[in-house]
Amino acid sequence: MKARITVTLKNGVLDPQGKAIEHALSGLGFDGVGQVRQGKVFDIELTGTDKARAEADLKAMCDKLLANTVIENYAVEIA
Amino acid sequence: MKSAVVLLPGLNRDRDMIAALTKISGQPPATVWQTDTEIPDVDLIAIPGGFSFGDYLRCGAIAARMPVMRAVAEQAAKGVMVIGVCNGFQILVEAGLLPGALMRNSSLKFVCRQVKLEIANANTMFTRRYQPGQVIRSPVAHHDGNYFADPETLARLEGEGQVVFRYADGTNPNGSINDIAGIINDKGNVLGLMPHPENLIEAAHGGNDGRALFESALGIAA
C-alpha cells in the first residue's frame, strides 16, 4: 500500500518561505500569482493491507512526528 | 549544585555549554547521550545548541523523540531545572515541554550577531540575579528562531510572566512574535531561549552578561 501525507501551514501562520517564492514567481513574470504557501509531502510505503488500520497509523505518525500541529495541518491519502 | 548536559548528534555548542557550567559551578557537568533512558541526580539539565540530526524534518523534531528526552521530561516533571539554548529551545518546544513553535527567521537568513535582551521576568530560578527590565547583551546564531504561538497561548505567556527574555532596542533578529527571545513553562523550571548566554560569561568573551543566568540557576553568589 502506498500513502501520501501532505503537511501544510495553518492559516494565520506567517510563511516567509512562501512569501519569498511568491516574489520570485512575480519576478519571473508570472502575473496573477496570489498567496503562495509552502508545505511538505511524504510518500510512505506500507506493508500491511488493512486500509482502516493504515489510516489510523498514518494519522498517529502525523500527530507524533511528521507534523507540528502547533503550526501545521496534515492530510492523509491512501492509494 | 550539579548539572548534566544532553548530547545529541549534530549539536555543536555542547563544548561551550560544558565549559560554561564547569567554570561557573566549579565542577564538570555529567553528560547524557541520546539513547540514555536515565539522567543522574542533578539540579540542572542543559540542552545545548547546534543542528541535531541535521535539522531534518523540523529543527529539533527528531531529537525531541529520542529516549533521552523522555528522561528529561520525567526529571522536569519532578521539578529539576531544564535549560534549552538555541537548538535546545527548539527541542524543548518540539518535545512539548514548552508551548509554541520556532519557525524560519522572517529574513530567511541565518543570523549570527550580538543582540540586546531585556529581562522581562527577573523573578525566575534562571534570572533572579538580574534586575527587572535590565538590558543585557547576548550573541545569537540561528536560522529558525522566529517564535510563534497562537493568540490564546501568547496571552497566557504574557499574562503569567512566562516571557523571560525579549529582544530589546529593535534588535529582534528573527521576527519573533512580541520580540520573544526566551520563555519558561508554567511551573517555572523549564526555560528555552534562542540567544547563547553560555558564550558571554567571561572577559575573554568580551563580557559576562550571560553569567548571571547560570549563577541564578546554580545558586551561586555573584
Discussion item. For a quick check: with amide H placed at 1.01 Å from N, whose amide H comes under 5 Å from A:V33's, ignoring anything fewer than 5 positions away on the same chain?
Written reply: none
Worksheet item: Relative contact order of chain B: what whole-number percent is it, with Cα pairs under 8 angstrom and at least 6 residues apart?
Response: 20
Worksheet item: Volume per residue, Å³, of the convex hull around the alpha-carbon atoms of chain B?
Response: 107
Fill in: Unit charges on C-beta of K, R, D, E only; dipole of segment B:142-191, Debye
120
Fill in: For B:A46, residues with placed amide H under 5 Å, excluding near neighbours
B:A4, B:V5, B:V6, B:I83
Worksheet item: Quick one: what Rg and Dmax do you get for the protein assembly as shown from the alpha carbons, in Å?
Response: 20.2, 64
Worksheet item: Between A:R4 and A:L28, 0.36 nm times their residue separation minus their Cα-Cα distance comes to what?
Response: 5.6 nm
Fill in: From phi via Karplus (6.51, -1.76, 1.60), per-residue ³J(HN,Hα) for segment B:48-57 in Hz, x at Gly/Pro
x, x, x, 9, 4, 6, x, 6, 4, 6
Fill in: Average beta carbon contacts from partner chains per residue of B:99-110, 10 Å cutoff
3
Practice prompt. Would you pull out the residues with amide H under 5 Å of B:A181's amide H, same chain only if 5 or more places away, H placed 1.01 Å from N?
Written response: B:F165, B:R166, B:Y167
Worksheet item: When only Cα pairs under 8 Å and 6 or more residues apart are kept, what is the percent relative contact order across chain A?
Response: 53
Discussion item. Whole-Hz ³J(HN,Hα) for each residue in segment A:63-79, computed from phi via Karplus 6.51 cos²θ - 1.76 cosθ + 1.60 with θ = phi - 60°, x for glycine and proline: what do you get?
Written reply: 5, 8, 8, 5, 10, 9, 6, 5, 10, 10, 9, 9, 9, 10, 10, 10, 6
Item to complete: Report, in deg cm²/dmol and to the nearest 500, the calculated mean residue ellipticity at 222 nm for the protein assembly as shown, where each DSSP H run with n ≥ 4 adds -39500 (n - 2.57) and the sum is divided by the residue count.
Response: -7000 deg cm²/dmol
Discussion item. As an exercise, take the mean of 1/r over every pair of distinct alpha carbons in segment B:1-117, invert it, and state the Kirkwood radius in angstroms.
Written reply: 14.5
Worksheet entry | Vicinal HN-Hα couplings computed from phi for segment B:88-105 (Karplus, 6.51 cos²θ - 1.76 cosθ + 1.60; Hz; Gly/Pro x) | x, 5, 4, 5, 5, 6, 5, 7, x, 7, 9, x, x, 8, 10, 10, 3, 3
Discussion item. Let's see if you can work this out: charge +1 on each Lys and Arg Cβ, -1 on each Asp and Glu Cβ, no other charges. What is the dipole magnitude of segment B:1-105 about its Cα centre, in debye to the nearest 20?
Written reply: 220
Discussion item. Can you compute the radius of gyration and Dmax for segment A:1-63, using only the Cα atoms, both in Å?
Written reply: 16.7, 48
Fill in: Protection proxy ranking of A:13-19, B:63-69 - average other beta-carbon atoms within 10 Å, highest first
B:63-69, A:13-19
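Any read-out appearing in this document is the output of simple, stated calculations on the displayed coordinates, not a laboratory observation. Bear in mind that the values here come from a model prediction, so they are computed numbers and not experimental data. Glycine also receives a Cβ, built like all others from the backbone with ideal geometry; neighbour counts cover every protein chain displayed.
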